[in-house]
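Contents: one structure, followed by commentary.
We did not get these values from a lab; they are worked out from the coordinates using the rules stated. Keep in mind that this is a model prediction, so the values were computed, not measured. Neighbour counts are summed over all protein chains in view; Cβ atoms, including those assigned to glycine, are modelled from backbone coordinates with ideal geometry.
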Amino acid sequence: MPQPALFGQFRNSLYCGDCLNELDRITNESVDLIYIDPPFYSQKYYEVIWDESAERYAFEDRWRGGRETYINYLIERIRKMRDKLNSTGSFWIHLDWHIAHYMKVELDKIFGQANLQNEIIWQRTSAHSDSKRFGHVHDTLFFYSKSDVFTWNPLFGPHSPEYVEKFYRFPDRTRGRYRLDHIIRSQSMGPRPNLSYEYKGYKPKWGWRVIREKLEKLDRDRRIEWSQTGRPYLRRYLNEMKGTALTSIWTDIKSVQAHAKERLGYPTQKPIALLERIVSATSNLGDLVLDAFCGCGTTMEAAQRLGRHWIGIDISQTAIRVVENRLRKIGAPAPQVVGLVETEEQLRRLDPFEFQNWAINAVQGRHSTRKIADMGIDGFTFLENHPIQVKRMDDVGRPVIDSLVGVLEREKDKKGMVIAFSFTRGAIGEVARLKRESGIEIQLLTCSQLLAGLSAKQMTL
């Protein structure tokens, strides 16, 4: 497979397909950071609402072979991901309580137990009711490095109010609150001849902690405070401090709420703040970030905002389009997109929900907010808002036409659209009769027509 050029001529890329195959496009040892948020082993079906279009389809998180099938699926792909990391690269995986401890055993085998840098507990919500057990309110993230030398940028959070109240007790009208710190050496530090000097009549027994020139500069800047006993201290201002170093328990980032501006409707969408923290801590400006299960593209947006290069992979055609749209909204340059459907044969391999999404998008339609099988409406035409039915089949016949007529009568509409691979002579004839005798206009569109690039304007009802 062709491999992307790196850095100088690098173009951010989205690949549609199984990451087991798509990873072959990426040069070994070229990636600085990998984050993945694979489908959780929750044995659930999700119904997804994508973006403003309220597009719904079933997102399957179910593994018929059970836990071992799930683990084998991930491990086969993670082994290949490790090959893509450079020697100072890092790997993050986001899991929930169903599978995290099983996966850790396998990840230790791949990266080495000594290269597990952190198990991060992310408290995604403050309240959750589970019957007959404590509520599950957290996810687990494992952070591995490829070697013992890896990119690390310490991050800090704000001091707690209690800490500020206890230690930053002194007010300054100009610079804000401050605390007093030592500026002279202690006995345990021992003497330093070059730091033993007199300043303003005071000579510490064990010397100062800074050279005279720096002490004079601090004093000119009103950072030296003398106590009533004549002992000097250094003023440290709260607004100049880095804060408290982050720990392995993250409680300050909430999950994406129902009405959050960043919400796209993906059932397990992660907040941008979470990915910005991971990208900031374990990569540098200009580094290459990879997300092999990129979903709705939170990793891509975080990397873009922080000045990193990125590659996203997802098996879903819909997901790739959502990521493209998301990046467009923040003004990112158009990425290289590889693997979207181009042939009828590829279309036939899509699952029913992906096929429906592709068909509605192909005519620039609006996805139905109703459940998939509800009243036979899969979407609505752009602007005119006429019903669309999508049939993933050949030789669609007159019964489908009759069904759509019933929908139109119920909706008090005179126009509609059916998308399928092909139509029978009976269906085509019935459409002609309806237009002639009843004024009902039904447009029959084949997938081959859509693939040929006919625009929605060329296919007006």
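Side notes on the structure shown:
- Ordering Phe143, Phe382, Phe423, Phe156 from the fewest to the most neighbouring beta carbons within 10 Å gives Phe156, Phe382, Phe143, Phe423.
- Contour minus Cα-Cα distance for Glu216 and Ala258 (0.36 nm per residue): 9.5 nm
- Restricting region 92-165 to trypsin sites (Lys or Arg not before Pro) that sit in a DSSP loop and have at most 16 other Cβ atoms within 10 Å of their own Cβ leaves Lys132.
- Sorted ascending by nearby beta carbons within 10 Å, beginning with the fewest, Tyr202, Tyr168 become Tyr202, Tyr168.
- Phi angles of region 116-126 translate, via the Karplus equation with coefficients 6.51, -1.76, 1.60 and θ = phi - 60°, into HN-Hα couplings of 6, 8, 7, 9, 9, 9, 9, 7, 7, 8, 8 Hz per residue; Gly and Pro are given as x.
- Contour minus Cα-Cα distance for Asp96 and Arg436 (0.36 nm per residue): 116.5 nm
- For region 284-296, the Karplus equation 6.51 cos²θ - 1.76 cosθ + 1.60, evaluated at θ = phi - 60°, returns couplings of 10, 3, x, 5, 9, 10, 10, 10, 8, 9, 6, x, 8 Hz by residue, with Gly and Pro reported as x.
- With Cα atoms defining each centre, region 192-268 and region 295-351 are spaced 43 Å apart in the structure.
- Qualifying GluC sites (Glu not before Pro) for region 275-341 [loop in DSSP, other Cβ within 10 Å: at most 11]: none
- Converting phi to 3J(HN,Hα) with the Karplus coefficients 6.51, -1.76 and 1.60 and the offset θ = phi - 60°, region 253-258 yields 10, 8, 5, 6, 7, 4 Hz in sequence order, with x at every glycine or proline.
- Taking amide H as placed 1.01 Å from N in the peptide plane, Val337 has its amide H under 5 Å from the amide H of Leu14, each at least 5 places away in sequence or on another chain.
- Under 5 Å from the amide H of Gln443 lie the amide H atoms of Gly416, Met417, Val418, each residue being 5 or more positions distant or on a separate chain, with H modelled from the backbone and absent for Pro and chain starts.
- Long-range amide H partners of Leu290 with built H, under 5 Å: Leu33, Ile34, Tyr35, Ile311
- In this simple spin-label model, placing a label point 7 Å from the Cα along the Cα-to-Cβ direction at both Gln228 and Val337 gives a separation of 7.3 nm.
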